[in-house]
Every structure is written in C-alpha cells, then in structure tokens.
Amino acid sequence: MTESDLSQPPTRDLCGTMLVHRRLLNESTTYRSRRAVIENRALQYERGRRSPARTDVVTIPVVVHVVHNPAVPAQNIGDDQVHSQIAVLNRDFRAANPDLDKVPEVWRPLVADARIEFRLAALDPEGEPTDGIVRVPTGRTSFGFDDAVKSSASGGSDPWPTDEYLNVWVCQLGGGLLGYAQFPGGPPQTDGVVILHSAFGTTGTAAPPFDGGRTATHEIGHWLDLYHIWGDDDGACSSDDKVADTPNQADANTGSPVFPHVSCGNGPHGDMFVNYMDYTDDAAMFMFTRGQSKRMDACLEGARASFLVASGALTAPSPSAPSPSAPSPSAAGGPVRDGTAPGGITQQAAMPGPSHWPAPAAAPGVTGTAGTTGATAADAATVPAQPGPDGHGGPGGHAGPDGEVGRLLRDSERLAAEVLKEIRTVIDMVGGGDRPGG
Ligand SMILES: [Zn+2]
C-alpha cells in the first residue's frame, strides 16, 4: 500500500462473496455437502477427466432489481445504465472486450471465450412481457452483505426463480462494499449477485475506478463458481483458486499494477493481475483463463444446469435488447425455449415450476430431489444422470455429456479423497470445521 492508495475510493477488496461463503459453510451442513459435490465435478473438468458437453453459447436470462431510496433519486439508475452493464458482460464473457490487447503477451494463449451471454429477461415468471428491470423503492439508506436486499420483507426485492434467471440486485451498499455473489450450492432464495449502483455499468451513476462494469463480471464469475485468483489465503501462498492455469499468487492486487508483479515464487511472469477475479481497477482487468472457463462449464453443466434450458424467458423478442455492440443472442444458439431440451441435459435440468420454492430448511441434501435448488442430482458424481452421448447438436442443443458411467464412478472414488482434502482445507480456513451443530 502506498500513501496514494489511502486516498483512493473503496477497492475491490470489499467484495463480500467470501464472507457470505464462510458464513454459509459455518451455518449449513447442506451447503458444505453441496460444495463438496460441486468441487468434485469442477475437479473432473479441470483435470480433463470430464469434458464440457456444451459447444454452443448459452444465454442466461437476467433480471435486474433496482432497489432505490426515493430520497436519493440517483439510486434509481436509468435503463441505459443497466443496458451498458449487459453489454460489458457480453463482451467480457466472450473475450470480445476491446481492451483484451492489454493482456501481457505471455498470457494471451490462456484467454478464454467462456461462451456465455446475458440478456435481460423478456418474460417474467408469470409469462408476461417484461424489460427485465424491476424497480423497488426502499426506506433503507443502504444495504450490507446480509442478503436483506434480496427480500421485500427486509426492504429489498424478492428474487425471480433463481434457477431460471440470474438475479442481479443493484442498490446502495454500505461500508465501501462493491458487491457480492452467492456461489452455486447456496440457498435458492438468496441466489444471485448484488452490485453497488455506482459500480454498475459504464454510464449514469457509475464512478471511477469502477465504471467499467467489471464488478458485475467479477461477481458473476463467483456466481459461476470462480474463486478469487489468489485463493483467499491472506498472502500465505498455501491455497489457490483451484484453477491450474492461473499462477498461484499471494494476495489481491489493487489499482493498476505494472507487469510483472511476482509473489509466491511465481516469476518470471508473476501474478495474473489482469484477471477478472483479482481486485484491480476496472480498467486493469481483461480476461478469464481457459481453466476458469472449464470451471464455469462444470458449474453450468452441474449446479446451474437449469440455465441450459431455462430461457423460456427469451421466447418473446425483447424491446430492450442488448446494445448493438453485444453479440446477437439470436445468433448465439442460446438455450431452448420450450423446456424440451434436445440434449442429454434435459433430465437433470427438468426443473419444477418457477413459483415453487422450498424453504431452506426443507432443501434436500445432495442426494435429494434434483432441480429444486440449483444443485442437481447430476452434480453428484455418484449419480451421473446424463443419458447417452451426443447427436443433438442443433441450434440451442447441447450435446449429451459422456455416458461412461463406470469410468465416472471410478474417477469419483479416486477424486473423493482429494475433494475431502480440499473441503477440509476450506473449512479449516474459516475455522468452522469442528464446530458442533454446524
Ligand atoms: Zn470477489
């Protein structure tokens, strides 16, 4: 830290995602169990033991909840600010961002097109046309990372079905918090991401150095199961982000670092501070890696598989389509519209109706009913739910995942010990491993 850092606005070290993660690990055995299953699957993808079945781009329907205090009119951000954010996401997750050429040459081969696009929902949960933006006045002056913004009962806005829509809450956050996400595997009623309005989009109230829309890119990275690139080990070099092609790095980078910044013996190239999952300024982060993309694939074909078929919300043409700079959803081969997925993902993604929500206490464990929580039974490597291989590769289709049940079972057994070790590490980090009644 330099003296000049002290005069800077809040940095991205106030992403609250790991605080939420640790709280859930401490509070919920269900969450711990689901995280173990999700990590198991991610490891299989990361290590090449399982390949993404998806070749098409998936388009994720988004609902943006603008929760604003009428006493501060600026909080009620304009539609154009929302659209500017969607446009950023559609560039960043497609490696189509114009600043990609600022990636140091040594990492350019690792740049990944994550094949994920985002579109404001065209249909609401009742099937009525919508612009995908919900505006809710609140009496609260600000929110924290306690999820209050996600419920009308606590001054926020209730989510739309979180297995069909990516819920994004935009509001005033306190304490310099820029945003936070909930990792896959958490309670459905709080699933989604929360972003400070002045760190959202590229226009309106968006303020430097977080006016590039990258807070949402970062938080949605978490929502798709990416960890911070330094592994949240407070500089210890002992933990990483579980992605092999991102260098192990000691701690978060902030501001706009100069290449190279070496830590944890990761020279000569050092920290990949240009990665969206670091804490650098919006103007200093430009890429996801291939390894991170695989991890997102594991999430989209596992815990968030519902999004591969859930875009019934895209059926009607949206009057508020993404900006012209965004890739065309119609050309993207997005998810199917009528729930009859042509690919092998149909079964695991056959979610119940959007209006049914299990209470958190009633949420099943990882071996429970698939599809009610976003953590599907297909996540459990011991319950490979996907039927046979491909042959369904039409537009919007998703080739069936591998059907080699026996191989998966054997892999799972081998991986089980590794996963347990990984989870134990995480639990040890939060000091909650041996607490009774967790
Ligand atoms: Zn974060």
Gain in length, D79 to V258, computed as 0.36 nm per residue apart minus the alpha-carbon separation, to one decimal in nm? 60.9 nm
Please compute the alpha carbon radius of gyration of region 3-296, then divide it by the globular-protein estimate 2.2 N^0.38 Å. Two decimals is fine. 0.96
If the viscosity is 0.890 mPa s and the temperature 25 °C, what translational diffusion coefficient in µm²/s does Stokes-Einstein give for region 69-221 when Rh comes from Kirkwood over Cα pairs? 150 µm²/s
For a quick check: sort T130, T280 by the number of other beta carbons within 10 angstrom, fewest at the front. T130, T280
Within-15-Å neighbourhood charge of D79 [Cβ basis; K, R +1; D, E -1]: 0
Net charge within 11 Å of V149 by Cβ-Cβ distance, Lys/Arg positive one each and Asp/Glu negative one each, not counting V149 itself? -1
10 Å beta-carbon shell around T162, net charge (K/R +1, D/E -1): -1
Sorted by Cβ density within 10 Å, fewest first, the residues S293, S28: S28, S293
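No lab work stands behind these numbers, since they all come straight from the coordinates. This is a predicted model, so every value here is computed, not measured. Using ideal geometry, Cβ is built from the backbone for each residue, glycine included, and neighbour counts are taken over all protein chains shown.
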